[in-house]
Amino acid sequence: MRQSNVSHSPLQQPLALACGITIPNRIAKSAMSEQLADRHGSPTTDLQQLYAAWARGGTGLLITGNVMVDHRAFVEPRNVVLEDEQFLQAHKLWAQAAQANGSKIIMQINHPGRVAVLPLFKKPIAPAAVGLDLPAMNLIRVPRAMSETEILEQIQRFASTAALAVQAGFDGVQVHAAHGYLLSQFLSPLANIRTDQWGGNPENRRRILIETVRAVRQAIGKNKILSVKLNSADFQKGGLSQEESLHIALALAAEGIDLLEVSGGNYESPAQLGYAPDRQVQRDAYFLDYASALRQQSQLPLMLTGGLRDVEVMNRLVSNGTVDVVGLARPFALQPDLAKQLLAGKSVTASAKIPAVGYKPIDAYLQLAWHAAQFRRISSGQKPKAIKGLMRTLVAFGPRMGFNILTQD
């Protein structure tokens, strides 16, 4: 474990956001899919205990995994759903568990669009009837193009979920517009081939995101955190480019969002897992070039997530103003107290090797399964334990995933 000699590191400094909320330090746990809701979509005590552990570990900002805005579309089984007050008390306990040690928590709100896993036998919705460019997936799960009425409904669903989140005590929300989910699909020239006001040119492609941000801000008020997660690029020929993404980021800054998380990739090119083709940025930060380019045009608070492991690099990026918050995800699955280690000047320990077979959808599932197994251990008070080997990883989560799919409400 590499240790920095910095005694008062920039990572230790609080960050005051425009909404008036102050994040106690510059370290954020970026969203990961926990799959710890019950079959009805309600947060469980396991989910509360997992976030309590991360909060005890000193994390300044905790961002939840996918919370669905619509019970008719899940990213994975056992995602949390928040669309009415039915499970509001469970959400309140979740927020309180995360905030008990001073951390701030925001809820990542999302709709999967064409990549919905559930329901299995129903066509998913998307900007257009364009399937994923992956073997079999472009035949099996061809989505149905959304009507304008459905587009307006989903904008309102994001706003409704956001309002319920702050009612439950969350410090704000993050609108997920990255990684190939619904809002990201609208931004993509490949997925969005509409010719109406919701597609056809860059301004129209980003219309649903801008309208969603406006609706969410109205729903949560000016004193709660409004964050957006945005792809720096899709890393696909013909997909969302860095240039167009920079224009989107500037439009979001003009809307007065509090924090932009920079990520990249999607199911077809999962750059967020380190698979970005022809990546030109340094190994320690997948999307640094984009953050640097945006910083030259805007002072919008930036959170950079992806590949950051060296504490000296993190401190330098915050110190020189390139980014304001350092986001990490997968390392938190093995080090619940990761933030304390980073604040003490210690870099992230070497990551465990996760089995892969070379087919992106399966490898993404293996990543999911491997980390979900660690979340269950942490939530039950056990120490994380790296799973070695393909079969052990499949056994650790395969049967559970099948059961969860079959029993999801």
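The values are calculated or read from the model by the stated rules, or taken from the named source; none is laboratory data. Just so we're clear, the structure is a prediction, and the values are computed from it rather than from any experiment. Methodologically, a virtual Cβ is constructed for each residue, glycine included, from the backbone with ideal geometry; neighbour enumeration extends over all protein chains shown. The accessibility values were calculated without ligands, DNA or RNA, using every heavy atom of the protein model including side chains. Shrake-Rupley method; radii C 1.70, N 1.55, O 1.52, S 1.80 Å.
Of everything in the range 230-240 that is open to solvent by 40 Å² or more (accessible area, probe 1.4 Å) and closer than 27 Å to Met32 by Cβ, the residue that is farthest from the chain's Cα centre (by Cα) is Gln236.
Per-residue answers, yes or no, for (1) within 20 Å of Gly131 (Cβ to Cβ); (2) surrounded by fewer than 22 Cβ atoms within 10 Å (Cβ to Cβ); (3) charged (D, E, K, R); (4) touching a Lys or Arg at 6+ places or on another chain (Cβ under 8 Å):
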{"position": "Leu190", "(1), (2), (3), (4)": "yes, yes, no, no"}
{"position": "Glu211", "(1), (2), (3), (4)": "no, yes, yes, no"}
{"position": "Ala219", "(1), (2), (3), (4)": "no, yes, no, no"}
{"position": "Lys224", "(1), (2), (3), (4)": "no, no, yes, no"}
{"position": "Val228", "(1), (2), (3), (4)": "no, no, no, no"}
{"position": "Ala249", "(1), (2), (3), (4)": "no, no, no, no"}
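Inspect the range 167-179 for any residue being under 18 Å from Ala116 (Cβ atoms), at pLDDT below 95 and open to solvent by 10 Å² or more (accessible area, probe 1.4 Å) and give the result as yes or no. Taking every residue of the range 167-179 in turn, at least one turns out to be under 18 Å from Ala116 (Cβ atoms), at pLDDT below 95 and open to solvent by 10 Å² or more (accessible area, probe 1.4 Å). Just give me the residues in the range 241-261 being in a helix (DSSP H, G or I) and either under 20 Å from the mean Cα position of the chain (by Cα) or not acidic (Asp, Glu) (or both), in sequence order. Hits for the range 241-261 are Gln242, Ser245, Leu246, His247, Ile248, Ala249, Leu250, Ala251, Leu252, Ala253, Ala254. For the range 20-43, name all the residues that are crowded, with 19+ Cβ neighbours inside 10 Å and either over 21 Å from the mean Cα position of the chain (by Cα) or in a strand (DSSP E or B) (or both). Listed by number, the residues that qualify are Ile23, Ile27, Ala28, Lys29, Ala37, Pro43. Within the range 66-75, is even one residue acidic (Asp, Glu) and in contact with a Ser or Thr (Cβ under 8 Å, 6 or more places away or on another chain)? Within the range 66-75, not a single residue is acidic (Asp, Glu) and in contact with a Ser or Thr (Cβ under 8 Å, 6 or more places away or on another chain). Just to be sure before I move on: is Lys222 at pLDDT below 95, more than 21 Å from the chain's Cα centre (by Cα) and of a type in the set (D, E, K, R) in the structure I sent? Here the answer is no, as Lys222 does not meet what is asked.
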